[in-house]
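The structure under discussion appears below in the form of structure tokens.
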Amino acid sequence: MPQSVVVAGAIANKAGNGGEAWVRLSWLLGLRRLGCDVHLLEQLDCGSAAQRDYFDAVTAAFGLVDRATLVSGDGGSDNLLELASAADLLVNISGHLTNESLFSSFRRKVYVDLDPGYTQLWHAAGLDGAHLAGHDTYFTVGENIGQPNCSVPTGDIDWRPVRPPVVLSEWPASHTGAHDRLTTVATWRGPYGRVEQDGKLYGLKLDEFRKVAALPGAVAQRLELALTIHPEERRDLSMLHENGWHLVDSSEAAGTPERFRSYIQGSGGEFSVAQGIYVETGSGWFSDRTAAYLASGKPALIQDTGFSRNLPTGEGLVPFRTFAEAVAGAERIASDYEAHCRASRSLAEHAFDSDVVLTGFLEAALA
């Protein structure tokens, strides 16, 4: 077991997004639970005062004030260089740390890919947007990458699967929330544009939402989105309202880690689609957000990215690929809601417990 682990990832860079903060917190708090001396490094170029305040508030709330540092993109203090050279491992989430002097000071560096398909297709095209070079081991939440039933190219990299860890003590089973209110937290247009491979143009999350636009009128549950969407997206906003989707302000519902957790634990369950590229490649991508719903004892009706090949489904976790399957899944959850709640928590305990996920991760990272 390594004594000192540095996690590089974005919190200040994603200020106002409680879900993104939880991605990094799950790694930090989970590794700390295993006895590691953890430290967060975040590279922030020309950051605003609001971003720095957000970083300070998040790290203070989770006992990381003395274990978290913002660093400018082009420099590193002597103390940070000492921290890097003394660390047993750098966990570089999405290749966040690119500061060369710091990066090169770590003895062992592992990459954690959160965007399977994008990362590998950029690499295949010779683009450096994912900052893959220089790592010793590569992990991805796309559990099917490298398998025959997944079309994501691996190139010259041996991608190893890792599931999104959930610190179960931070996400206890919750018995609040109306059973007929399915929610999710989403961004209508993500940070990446469409990517192409061999003449195929892969879709975005908004494309998948459009395919199920009429779902609120076909199911008994209320479907609610804590949605980040630009007000100029008038056509899509009209589509969502006219079809009966309930929209809430994402910053109010989930702008901080505490609000994000409260929103999930106050829901009856989750309904969500995935990025088109995750679905169409059969990547097996699984959302850290959905893992949090499951840990909270909330059933999840989720578009299948190929994860059904690796996880037990049907109770608690209900996948769909078509509109008809989404309707049937909603009916299935409603027919025995309490059983689905119990199955949700059980699945999280067996598949996403940070103690198990991160113990296996560390063994593979240091092998």
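Worth pointing out:
- Considering only residues in the range 96-114 that are surrounded by fewer than 23 Cβ atoms within 10 Å (Cβ to Cβ) and touching a residue at least 40 places away in the same chain (Cβ under 8 Å), the one that is farthest from residue 20 (Cα to Cα) turns out to be 108.
- For the range 182-201, residues that are over 22 Å from residue 23 (Cβ atoms) and part of a loop (DSSP other than H, G, I, E, B) total 3.
- Hey, residue 172 assigned to a loop (DSSP other than H, G, I, E, B) and farther than 13 Å from residue 293 by Cα or not: no
Let's see how each residue does on (1) touching a helix residue (DSSP H, G or I) at 6+ places or on another chain (Cβ under 9 Å); (2) within 26 Å of residue 30 (Cβ to Cβ); (3) surrounded by 21 or more Cβ atoms within 10 Å (Cβ to Cβ):
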residue	(1), (2), (3)
328	no, no, no
341	no, yes, yes
344	yes, yes, yes
352	yes, yes, yes
363	no, yes, no
366	no, yes, no
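- When residue 155 is tested against (1) among the small types (Gly, Ala, Ser); (2) under 19 Å from residue 113 (Cβ atoms); (3) assigned by TED's automatic domain parsing to the domain that holds residue 274, exactly one condition is not met: (3).
- Residue in the range 80-88 that is more than 26 Å from residue 366 (Cα to Cα) and either exposed (fewer than 12 other Cβ atoms within 10 Å of the Cβ) or at pLDDT below 95 (or both) present: no
- Test: residue in the range 213-230 that is closer than 23 Å to residue 170 by Cβ, modelled with pLDDT of 95 or more and assigned to a strand (DSSP E or B): yes
- Inspection of the range 231-251 identifies at least one residue that is touching a residue at least 60 places away in the same chain (Cβ under 8 Å), not aliphatic (A, V, I, L, M) and not in a loop (DSSP other than H, G, I, E, B).
- Any hit, the range 41-49, residues being touching a Pro at 6+ places or on another chain (Cβ under 9 Å) and crowded, with 22+ Cβ neighbours inside 10 Å: no
- Restricting attention to the range 80-102, the residues being of a type outside the set (D, E, K, R) and more than 30 Å from residue 277 (Cα to Cα) number 10.
- For beta carbons closer than 7 Å, sequence separation of 6+ or different chains, a first residue in the range 344-367 that is under 24 Å from residue 158 (Cβ atoms) and of a type outside the set (Phe, Trp, Tyr) and a second that is surrounded by fewer than 19 Cβ atoms within 10 Å (Cβ to Cβ) and modelled with pLDDT under 95, the qualifying pairs are 362/1; 362/2; 366/2.
- Pick from the range 21-49, criterion over 16 Å from residue 170 (Cβ atoms) and either under 17 Å from the mean Cα position of the chain (by Cα) or among the polar types (S, T, N, Q) (or both), ranking: modelled with the highest pLDDT: 43
- The lone criterion from (1) in a loop (DSSP other than H, G, I, E, B); (2) within 16 Å of the chain's Cα centre (by Cα) left unmet by residue 267 is number (2).
- Residue match in the range 189-210 (condition: buried (at least 16 other Cβ atoms within 10 Å of the Cβ), at positive phi and not aliphatic (A, V, I, L, M)): no
- Of all residues in the range 251-272, those satisfying the criterion of being surrounded by fewer than 23 Cβ atoms within 10 Å (Cβ to Cβ) and farther than 18 Å from residue 179 by Cα are 251, 252, 253, 255, 256, 257, 258, 259.
- Residue 215 satisfies every condition listed in (1) touching a Phe, Trp or Tyr at 6+ places or on another chain (Cβ under 8 Å); (2) farther than 19 Å from residue 287 by Cβ except (2).
- Residue 198, sole failed condition from (1) modelled with pLDDT under 95; (2) under 21 Å from the mean Cα position of the chain (by Cα): (2)
- Scanning the range 70-101 for residues that are touching a strand residue (DSSP E or B) at 6+ places or on another chain (Cβ under 7 Å), within 22 Å of residue 47 (Cβ to Cβ) and not small (Gly, Ala, Ser) turns up 70, 71, 80, 83, 90, 91, 92, 93, 96, 97, 98, 99.
- When residues of the range 311-326 are limited to those that are part of a helix (DSSP H, G or I) and hydrophobic (A, V, I, L, M, F, W, C), the one surrounded by the fewest Cβ atoms within 10 Å (Cβ to Cβ): 324
The values are calculated or read from the model by the stated rules, or taken from the named source; none is laboratory data. Computed from a predicted structure; not experimentally measured. Reconstructed Cβ throughout: ideal geometry from the backbone, glycine too, with neighbour counts over all protein chains shown.
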